[in-house]
Amino acid sequence: MPLSPSLIGTRYPEFRTSAERGRLRFFAGATGQHDPVYTDTDAAKAAGYPDLPVPPTFLFCLEMDNPDRGKFLRDLGIDVRTILHGGQEFAYHSPVHAGEELAFATEVTDVYSKKGGALEFIVRTTRVTRDGAPVATLTSTTVVRDPKAAR
């Protein structure tokens with residue numbers, strides 16, 4: 001079933017979450033962040049941060065905290081076995097630190113197809129704010145493969 005351009009502008013319920021220090025330390029280790037500001041609160045404070053800074057791309061992990069993160073696919077009747085990760089972009093507006101509550105608001109910002117409809121693309125933009133002020137803009141692209149077109 002082709003995705004309709006009328007999906008553009010569809011918004012999903014905002015949710016709130018914060019970066020917990022333990023998760024930040026784990027992420028820093030997993031991604032090779034050797035600078036102690038990412039794992040040691042004393043080092044972070046000595047470097048001028050109010051707490052552990054959130055490393056680049058960790059906001060994507062926080063976006064996954066959405067209690068209903070698969071809603072947009074379910075609403076569209078998309079089988080998760082037909083999707084691929086098509087890409088991510090991050091635009092940062094302000095630093096984020098452990099313990100700060102962030103709001104995530106997601107909207108479908110583009111829908112298009114390629115290969116005669118065999119591949120459809122859903123672009124979602126998530127605006128991340130802290131106390132109403134912009135922190136980051138996350139853009140993710142999901143590719144939906146038409147299994148019938150692959151035959």
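The values are calculated or read from the model by the stated rules, or taken from the named source; none is laboratory data. Keep in mind that what you see is a predicted model, and the values were worked out from it rather than measured. Reconstructed Cβ throughout: ideal geometry from the backbone, glycine too, with neighbour counts over all protein chains shown. Heads up: the accessible areas ignore ligands, DNA and RNA and are worked out on the full protein's heavy atoms, side chains in. Shrake-Rupley method; radii C 1.70, N 1.55, O 1.52, S 1.80 Å.
Out of Tyr112, Tyr49, Tyr92, I need the residue that is open to solvent by 40 Å² or more (accessible area, probe 1.4 Å), within 21 Å of Arg16 (Cα to Cα) and among the aromatic types (Phe, Trp, Tyr). Which one?
Numbers: Tyr112 fails: within 21 Å of Arg16 (Cα to Cα); Tyr49 fails: within 21 Å of Arg16 (Cα to Cα).
Step by step, each of Tyr112, Tyr49, Tyr92 is checked, and only Tyr92 is open to solvent by 40 Å² or more (accessible area, probe 1.4 Å), within 21 Å of Arg16 (Cα to Cα) and among the aromatic types (Phe, Trp, Tyr).
Would you be able to tell me the number of residues in the range 70-95 that are of a type in the set (A, V, I, L, M) and within 14 Å of the chain's Cα centre (by Cα)? Break it down stepwise before answering.
First pass over the range 70-95, keeping only residues of a type in the set (A, V, I, L, M): 73, 76, 78, 80, 83-84, 91.
Imposing the further condition that a residue be within 14 Å of the chain's Cα centre (by Cα) reduces the set to 91.
Going through the range 70-95 one residue at a time, the tally reaches 1.
Can you report the number of residues in the range 2-50 which are of a type outside the set (S, T, N, Q) and either part of a helix (DSSP H, G or I) or on the phi > 0 side of the Ramachandran plot (or both)? Explain how you work it out, then say what you get.
Looking only at the range 2-50, we keep the residues that are of a type outside the set (S, T, N, Q), and these are 2-3, 5, 7-9, 11-16, 19-30, 32, 34-38, 40, 42-50.
If we keep only those that are either part of a helix (DSSP H, G or I) or on the phi > 0 side of the Ramachandran plot (or both) too, we end up with 5, 7, 9, 21-30, 32, 36-38, 42-46, 48.
The qualifying residues number 23.
Residues to consider are Leu52, Leu24; find the one that is at pLDDT 90 or above and in contact with a strand residue (DSSP E or B) (Cβ under 7 Å, 6 or more places away or on another chain). Write out each step before concluding.
Values: Leu24 fails: in contact with a strand residue (DSSP E or B) (Cβ under 7 Å, 6 or more places away or on another chain).
Among Leu52, Leu24, only Leu52 is at pLDDT 90 or above and in contact with a strand residue (DSSP E or B) (Cβ under 7 Å, 6 or more places away or on another chain).
Name the single residue that is most open to solvent (accessible area, probe 1.4 Å) among those in the range 75-89 being in contact with a helix residue (DSSP H, G or I) (Cβ under 9 Å, 6 or more places away or on another chain) and of a type outside the set (Asp, Glu).
Residues of the range 75-89 in contact with a helix residue (DSSP H, G or I) (Cβ under 9 Å, 6 or more places away or on another chain): 76, 78-80, 83, 88.
Still in the running and of a type outside the set (Asp, Glu): 76, 78, 80, 83, 88.
Working: Leu76: 29, Ile78: 26, Val80: 96, Ile83: 52, Gln88: 72 Å².
If we take residues in the range 75-89 being in contact with a helix residue (DSSP H, G or I) (Cβ under 9 Å, 6 or more places away or on another chain) and of a type outside the set (Asp, Glu), then Val80 is most open to solvent (accessible area, probe 1.4 Å).
From the list Leu76, Leu84, Leu102, exactly one residue is more than 30 Å from Ala149 (Cβ to Cβ) and aliphatic (A, V, I, L, M). Which is it?
Numbers: Leu76 fails: more than 30 Å from Ala149 (Cβ to Cβ); Leu84 fails: more than 30 Å from Ala149 (Cβ to Cβ).
Only one candidate qualifies: Leu102.
Take the conditions in contact with a Ser or Thr (Cβ under 9 Å, 6 or more places away or on another chain), part of a strand (DSSP E or B) and surrounded by fewer than 17 Cβ atoms within 10 Å (Cβ to Cβ) and apply them to Pro134. Does it pass? Give the derivation first.
Details: in contact with a Ser or Thr (Cβ under 9 Å, 6 or more places away or on another chain): yes; part of a strand (DSSP E or B): yes; surrounded by fewer than 17 Cβ atoms within 10 Å (Cβ to Cβ): yes.
When the stated conditions are applied, Pro134 passes them.
Being open to solvent by 20 Å² or more (accessible area, probe 1.4 Å), touching a Lys or Arg at 6+ places or on another chain (Cβ under 9 Å) and aromatic (Phe, Trp, Tyr) narrows it down to one residue among Phe104, Phe121; which is it? Quick ask: steps written out before the conclusion?
Values: Phe104 fails: open to solvent by 20 Å² or more (accessible area, probe 1.4 Å).
Just a single option satisfies the conditions, and that option is Phe121.
Go through (1) surrounded by 16 or more Cβ atoms within 10 Å (Cβ to Cβ); (2) out of contact with any Leu (no Cβ under 6 Å at 6 or more places or on another chain); (3) modelled with pLDDT of 95 or more for Thr17 and report which single condition fails.
(2)
Within the range 110-151, how many residues turn out to be small (Gly, Ala, Ser), touching a residue at least 60 places away in the same chain (Cβ under 8 Å) and farther than 18 Å from Arg69 by Cβ?
Final tally of qualifying residues: 2.
List every residue pair whose Cβ atoms sit under 9 Å apart, with the two residues 6 or more apart in sequence or on different chains, where the first one lies in the range 75-98 and is part of a strand (DSSP E or B) and the second, anywhere, is of a type in the set (Asp, Glu) and open to solvent by less than 70 Å² (accessible area, probe 1.4 Å).
What qualifies is His97/Asp51.
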